[in-house]
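Trainee: This is the structure I want to talk about, given as structure tokens.
The values are calculated or read from the model by the stated rules, or taken from the named source; none is laboratory data. Computed from a predicted model, the values in this text were never measured in an experiment. Here Cβ is always computed from backbone atoms with ideal geometry, including for glycine, and neighbour counts include all displayed protein chains. Protein only, heavy atoms only, side chains kept; ligands, DNA and RNA dropped before computing areas. Shrake-Rupley method; radii C 1.70, N 1.55, O 1.52, S 1.80 Å.
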Amino acid sequence: LAKERGKNNVQFYTDSLATQSARRFELETALRQAIARQELSLHYQPKVAATDGQLLGLEALLRWNSGAYGPVSPAEFIPVAEESGQIVEIGAWVLRQACWQMRAWRDSGLAVPPVAVNLSAHQFADNNLVTEIENALALNQLAPADLEVELTESVLMTEPERARGVLHHLRQLGLHVTIDDFGTGYSSLAYLKRFPAGTVKLDRTFVRGLPDDSDDSAIAGAVVAMAHSLRLLVVAEGVETEKQLEALRALKCDQIQGYLTGRPVDAATLAKNVLRPQ
Ligand code: C2E
Ligand code: MG
Ligand code: MG
Ligand code: MG
């Protein structure tokens, strides 16, 4: 079709946008049934100590195996769920599922480190968030320290005053808070001062070039130094090579997450290969 119209880039662009929005609409429709059809699941990725590899935490990462479209990447369906507002219901499911899973692992005799869930801006703006978290914990006889939340600067930027209040509440309850994808937002430094968090997660765009890229090394080192002087921990995401790990260790980064130290895997695989008896 684009060829018939000649090299008309504007037309071509419009076509591809139309195709994109059709796909979005299809996914949005399919996503509406995803919970009821049990198409959603969680994978879990280890966070380990940079010094000795000890397991310190897990991150729950949502997976969608759609009956109609097969596995759909979170990079594709999370934005759809966010724009349609479905993320509020899906996010509540993630919270319940992660807590249920921790309880199931513990009941089978396994030691379980805190599990982190990712929160979207919509969830943060929802009045029920704190209650949902409290309920998910209570229902599964878990302590607030068993659960951690990860949020990006964009979540904090949407409604800063409100976000600050919610974070304070969560911290008071005893939840651990991590600022995800740190360094990619607009006002990283100011936000660190204003928002009560315990950990910053260095974005993988700054990990990728380690150790050879001197800019990445400088940024990673500066983030670690600044975070430590604010009494925050630093976890590096997207660590794929021994060299990156060594560089992060030398920079005194606290924790490591990435394919090198553990890919995200389903609950059964994690129990078999990663978790140890209590
Ligand atoms: P994120 O929270 O920053 O999660 C890290 C992403 O990097 C995950 O992608 C993970 O699988 C991937 N990853 C981990 N280690 C490596 C590595 O060594 N190399 C590379 N290249 N990638 C690595 P995933 O699972 O596709 O999730 C993408 C994003 O979707 C997440 O980014 C998060 O923003 C969002 N997401 C995932 N699950 C949820 C959820 O339950 N709720 C919400 N609101 N968002 C979620
Ligand atoms: Mg995350
Ligand atoms: Mg991240
Ligand atoms: Mg990310």
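Trainee: Please identify the chymotrypsin sites (Phe, Trp or Tyr not before Pro) of the range 143-208 that satisfy two criteria: DSSP loop assignment and at most 13 other Cβ atoms within 10 Å. Which are they?
Mentor: 186
Trainee: Now for a different question. Exposed loop sites here are trypsin sites (Lys or Arg not before Pro) in DSSP loop states with at most 15 other C-beta atoms within 10 Å. What is the longest stretch of the chain lacking them?
Mentor: 38-207
Trainee: Multiply the residue separation of residue 111 and residue 69 by 0.36 nm, subtract the distance between their alpha-carbon atoms, and state the gained length in nm to one decimal.
Mentor: 11.5 nm
Trainee: Give a quick list of GluC sites (Glu not before Pro) in the range 201-264 that DSSP marks as loop, anything other than H, G, I, E or B, with at most 16 other Cβ atoms within 10 Å.
Mentor: 240
Trainee: Given labels modelled 7 Å from the Cα in the Cβ direction, how far is it in nm from residue 278 to residue 37?
Mentor: Each label point lies 7 Å from its Cα, and together they span 3.8 nm.
Trainee: Hey, another quick one. How many nm is it between the label spots at residue 214 and residue 159, if each spot is 7 Å from the Cα in line with the beta carbon?
Mentor: With each label point 7 Å from Cα toward Cβ, the separation is 4.7 nm.
Trainee: Same structure again: So, counting K/R as plus one and D/E as minus one, what does the shell of residues with Cβ under 13 Å around residue 229 add up to?
Mentor: Residues close to residue 229 contribute a combined charge of +3.
Trainee: Hey, any idea what % of the chain's accessible area is carbon plus sulfur with a 1.4 Å probe?
Mentor: Details: 7430 of 14240 Å².
C and S atoms contribute 52 percent here.
Trainee: Rounded to the nearest whole Å², what accessible area per residue is found for the chain with the 1.4 Å probe?
Mentor: Working: 14240 Å² over 278 residues.
On a per-residue basis, the chain sits at 51 Å².
Trainee: Just check the range 107-257 against the gyration tensor rule for me: Cα atoms, a ≥ b ≥ c as the square roots of the eigenvalues, rounded for a/c under 1.5, and otherwise prolate or oblate depending on whether a/b exceeds b/c.
Mentor: Oblate.
Trainee: How big is the Rg/Rh ratio for the chain, C-alpha atoms only, Rh by Kirkwood, two decimals?
Mentor: Details: Rg = 20.1 Å, Rh = 20.1 Å.
Result: Rg/Rh = 1.00.
Trainee: Give me the Kirkwood hydrodynamic radius of the range 147-186, using the inverse of the mean 1/r over all pairs of distinct Cα atoms, in Å to one decimal.
Mentor: Numbers: mean 1/r = 0.0955 Å⁻¹.
Every distinct Cα pair counted, the radius reaches 10.5 Å.
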